[in-house]
Amino acid sequence: MTTHPRIILPLILLLCGVSATAATAQSEMERERQSLRGVDGFYLSLNTVGDASVQDSLDFAQLHHDLRASLQNAGLPVWPEGNVGAADRVPYLHVHVNTVHAGRGLYPFGVEIRFYQAVRLERDASAPTVAATWATSIVGLASYDHLGIIPEAALVLLDDFIEDFQGINP
């Protein structure tokens, strides 16, 4: 059997690159999970941006209620409503929903969930700031008669947060 070094070497390099990328992604995911350790409570923030027809068709107040209820039912320490924007040193879970009308009844959308908390910069520990330490997102495409998948997507992503939070804070 003859081996072809011109084929084998690139294949080995490709596999090593994929393996290193996967290891880096796993490491980042674990750092994000670890950043949730010991969090004793947080606020919930929902922001929606986009097409007016979507804003009018979906009940984002209901989505906010459903997000809060999911967190509370899972036993996560979500704090009562507050002015999240002014509370730049307390943790908060931010859910951002963005929609666009692309025409022909199609609506591209994005849902992003980020957990923000106070952090200190390594180069200047005296300069505290707020940063996202955990994040997940999804992009999708909905037809006008199936816009309900947008809030469903947000709730599915929230389940990822709940799983990670409970996993690190048993």
Spin-label model distance (nm) - ALA102 vs ALA61, 7 Å beyond Cα toward Cβ: 3.1
Globularity index of segment 25-83, i.e. its alpha-carbon radius of gyration over 2.2 N^0.38 Å: 1.46
Relative intensity, log₁₀ I(q)/I(0), of segment 27-167 from a Debye sum that treats every alpha carbon as a point, q = 0.20, 0.22 Å⁻¹: -1.19, -1.35
Cβ-defined net charge surrounding PRO151, 10 Å radius [Lys, Arg +1; Asp, Glu -1]: -3
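If contacts are Cα pairs under 8 angstrom and at least 6 residues apart, what is the relative contact order of segment 35-168 in percent?
Once divided by the residue count of segment 35-168, the mean separation gives 27 percent.
No lab work stands behind these numbers, since they all come straight from the coordinates. Predicted model, so just to flag it, every value in this text is computed and none were measured. FYI the Cβ positions are ideal-geometry reconstructions off the backbone, even for glycines, and counts take in every protein chain you see.
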